[in-house]
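Structure record follows, encoded as structure tokens.
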Amino acid sequence: MSNNISVKFSKVDSAKFFRTLNKRINDYFKEKKVKKTGNWKLYLKTIIMFALLITPLILLLTLSLPVWTQILFMVITGIGIAGVGMNVMHDANHESFSSKKWVNKLMGSSIHILAGNDYNWKVQHNVLHHTYTNIQGHDEDIDAGRVIRFSRHAEWYKMHKYQQYYSIFLYGLLTINWAITTDFKQTYLYLKRKLSYGKMPSPATQWTKLIIGKIVYYSLWVVLPLVIGGYTWWQVLIGFFIMHYTAGIILSVVFQLAHVMPDTEMPMPDSEGNMKNTWAIHQLFTTANFAPKNKIVGWFTGGLNRQIEHHLFSHISHVHYKDLAKIVKKTALEFNLPYNEYKTTRAAIISHFQQLKELGKKPVMA
């Protein structure tokens with residue numbers, strides 16, 4: 001749960017790291033004469049990701065298929081959910097997909113067919129996670145309730161001794177939770193705390209949008225297969241689970257490799273809510289990249305394997321991160337600041353589970 005204390009980042013950056021970095025990034029775009037938003041590569045990828053999401057559903061509704069094909073298609077749909085989420089919805093809700101507001105709004109609203117809600121997502125992700133990265137009690141991405149301990153500042157329970165073994169099974173439940181409970185809890189809490197990204201919606205508008213969104217979502221993934229596809233309720237339930245479990249594991253692992261790692265810090269504010277570093281420097285200490293040279297990983301994860309660049313410049317589309325990374329890395333090292341990077345996805349996954357093992361040990365009393 002969130003602490004009542006308000007967090008304030010330091011204003012002192014005597015070396016002027018972020019000012020220097022910002023100027024270099026802006027100069028890059030001026031020299032290249034390109035927009036900071038998406039380009040044809042992103043639009044082509046959008047078509048591919050939506051095809052992965054929707055084509056299997058159309059085939060399942062119109063053809064009589066063997067069971068193994070049905071299962072395979074639900075796995076592909078799950079990959080499509082993760083793909084649309086990381087590449088299309090994510091950029092759009094950061095307003096970096098297009099320079100046109102209505103395009104960002106339209107593409108950002110794809111979250112409603114992925115199981116989520118745009119208001120909740122923007123508050124949790126754009127406001128809480130991007131501002132208070134890895135700060136226990138403020139960044140909900142490192143709060144898994146009692147079941148997984150992602151931070152040494154979180155309470156320890158005996159079951160955490162085994163979390164490096166059981167956590168992967170829970171990771172798959174991420175988007176199922178969105179679909180069933182998380183969105184309702186978040187809407188209630190965020191409206192109560194008057195949190196918003198941009199204009200505060202009226203409670204009536206947000207609750208109406210949430211309910212209509214869920215009706216559309218369940219109609220697409222549950223009602224249509226029952227009514228048009230002629231599947232039994234238990235077949236639909238199994239398919240729904242496979243689809244979401246696939247998406248949940250992909251999304252959870254990508255998220256965790258960016259922040260819950262041996263090299264990433266989980267700093268806490270002092271008793272007055274003051275943080276040691278400026279916001280930009282805080283991002284370097286709390287974020288990690290993985291597999292920077294793997295083109296397939298970079299393409300499919302929507303640049304989320306380059307989280308350092310994303311956290312510092314979330315208003316810039318991920319299609320530019322590969323080029324920006326050279327500037328960010330050079331500048332960070334020049335200012336003697338960390339630039340956490342794992343060369344491969346495999347190395348990052350191993351390190352993440354080692355970190356879970358470390359966090360699962362009983363804390364030694366000071």
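The values are calculated or read from the model by the stated rules, or taken from the named source; none is laboratory data. Here the structure is a predicted model, which means the values were calculated and not measured. Neighbour counts are summed over all protein chains in view; Cβ atoms, including those assigned to glycine, are modelled from backbone coordinates with ideal geometry. Accessible surface areas use protein heavy atoms only, side chains included; no ligands, DNA or RNA. Shrake-Rupley method; radii C 1.70, N 1.55, O 1.52, S 1.80 Å.
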Original post:
What single numbered condition from (1) assigned to a loop (DSSP other than H, G, I, E, B); (2) in contact with a Ser or Thr (Cβ under 7 Å, 6 or more places away or on another chain) fails to hold for His130?
Top reply: (1)
Subject >> the stretch 175-190, residues that are closer than 11 Å to Tyr119 by Cβ and either aromatic (Phe, Trp, Tyr) or exposed (fewer than 12 other Cβ atoms within 10 Å of the Cβ) (or both) >> reply: Tyr190
Original post:
Could you say whether any residue in the stretch 225-243 is assigned to a helix (DSSP H, G or I), among the small types (Gly, Ala, Ser) and over 25 Å from Tyr171 (Cβ atoms)?
Top reply: no
Original post:
Ile350 versus (1) open to solvent by 60 Å² or more (accessible area, probe 1.4 Å); (2) touching a residue at least 40 places away in the same chain (Cβ under 8 Å); (3) part of a helix (DSSP H, G or I); (4) not polar (S, T, N, Q): which is the lone unmet condition?
Top reply: (2)
**OP:** Within the stretch 191-204, identify whether any single residue is crowded, with 19+ Cβ neighbours inside 10 Å and either closer than 16 Å to Asn126 by Cβ or touching a Phe, Trp or Tyr at 6+ places or on another chain (Cβ under 7 Å) (or both), and answer yes or no.
**Re:** yes
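Considering only residues that are touching a helix residue (DSSP H, G or I) at 6+ places or on another chain (Cβ under 8 Å) and touching a residue at least 40 places away in the same chain (Cβ under 8 Å), which ones fall in the stretch 96-105?
Hits for the stretch 96-105 are Ser96, Phe97, Ser98.
Checking the conditions here, which among Leu61, Leu65, Leu72 is assigned to a helix (DSSP H, G or I), among the hydrophobic types (A, V, I, L, M, F, W, C), touching a helix residue (DSSP H, G or I) at 6+ places or on another chain (Cβ under 9 Å) and modelled with pLDDT under 95? So that I can check it myself, show each step before the final result.
Numbers: Leu65 fails: assigned to a helix (DSSP H, G or I); Leu72 fails: modelled with pLDDT under 95.
From the options Leu61, Leu65, Leu72, the qualifying one is Leu61.
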Original post:
Within the stretch 75-97, is even one residue of a type outside the set (Val, Ile, Thr), touching a Ser or Thr at 6+ places or on another chain (Cβ under 7 Å), surrounded by fewer than 24 Cβ atoms within 10 Å (Cβ to Cβ) and assigned to a loop (DSSP other than H, G, I, E, B)?
Top reply: yes
Subject >> Residues that are open to solvent by less than 50 Å² (accessible area, probe 1.4 Å), of a type in the set (A, V, I, L, M), out of contact with any Gly (no Cβ under 7 Å at 6 or more places or on another chain) and more than 16 Å from Ser314 (Cα to Cα), drawn from the stretch 8-53 >> reply: Ala51
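Of everything in the stretch 205-225, what is closer than 28 Å to Leu59 by Cβ, exposed (fewer than 15 other Cβ atoms within 10 Å of the Cβ) and without any contact (Cβ under 8 Å) to a residue 60 or more places away in the chain? Give them in sequence order. Give the steps one after another, and end with the answer.
Start the filter on the stretch 205-225 by keeping residues that are closer than 28 Å to Leu59 by Cβ, which leaves 212-225.
Applying the additional criterion that residues be exposed (fewer than 15 other Cβ atoms within 10 Å of the Cβ) yields 212, 215-216, 218-220, 223.
Answer for the stretch 205-225, where residues must be closer than 28 Å to Leu59 by Cβ, exposed (fewer than 15 other Cβ atoms within 10 Å of the Cβ) and without any contact (Cβ under 8 Å) to a residue 60 or more places away in the chain: Ile212, Ile215, Tyr218, Ser219, Val223.
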Original post:
Within the set of pairs 6+ apart or on separate chains, which have a first residue in the stretch 23-35 that is farther than 21 Å from Phe97 by Cα, a second that is surrounded by 12 or more Cβ atoms within 10 Å (Cβ to Cβ), and C-beta atoms under 6 Å apart?
Top reply: Arg24/Ile327
Subject >> Checking Gly108 against (1) in a helix (DSSP H, G or I); (2) within 28 Å of Pro203 (Cβ to Cβ); (3) in contact (Cβ under 8 Å) with a residue 24 or more places away in the chain, the condition it does not meet >> reply: (3)
Subject >> Pick from the stretch 287-308, criterion part of a helix (DSSP H, G or I) and touching a residue at least 24 places away in the same chain (Cβ under 8 Å), ranking: nearest to Met86 (Cα to Cα) >> reply: Phe300
Subject >> Selected residue (criterion: nearest to Leu114 (Cα to Cα)) from residues of the stretch 201-219 that are among the aliphatic types (A, V, I, L, M) and over 22 Å from the mean Cα position of the chain (by Cα) >> reply: Val216
Original post:
Is it the case that His311 is touching a residue at least 24 places away in the same chain (Cβ under 8 Å), surrounded by fewer than 16 Cβ atoms within 10 Å (Cβ to Cβ) and either hydroxyl-bearing (Ser, Thr, Tyr) or closer than 19 Å to Lys23 by Cβ (or both)?
Top reply: no
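Could you please find all residues in the stretch 326-346 being surrounded by fewer than 19 Cβ atoms within 10 Å (Cβ to Cβ) and either in a helix (DSSP H, G or I) or among the small types (Gly, Ala, Ser) (or both)? Don't jump to the end; show me each part of the working.
Residues of the stretch 326-346 that are surrounded by fewer than 19 Cβ atoms within 10 Å (Cβ to Cβ), as a first pass: 326-327, 329-330, 333-339, 341, 343-346.
Matches in the stretch 326-346: Lys326, Ile327, Lys329, Lys330, Leu333, Glu334, Thr345, Arg346.
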**OP:** Give me the pairs, please: first residue somewhere in the stretch 142-163 and buried (at least 19 other Cβ atoms within 10 Å of the Cβ), second residue anywhere and of a type in the set (D, E, K, R), beta-carbon distance under 7 Å, and either six or more positions apart or on two chains.
**Re:** His160/Arg149; Gln163/Arg149
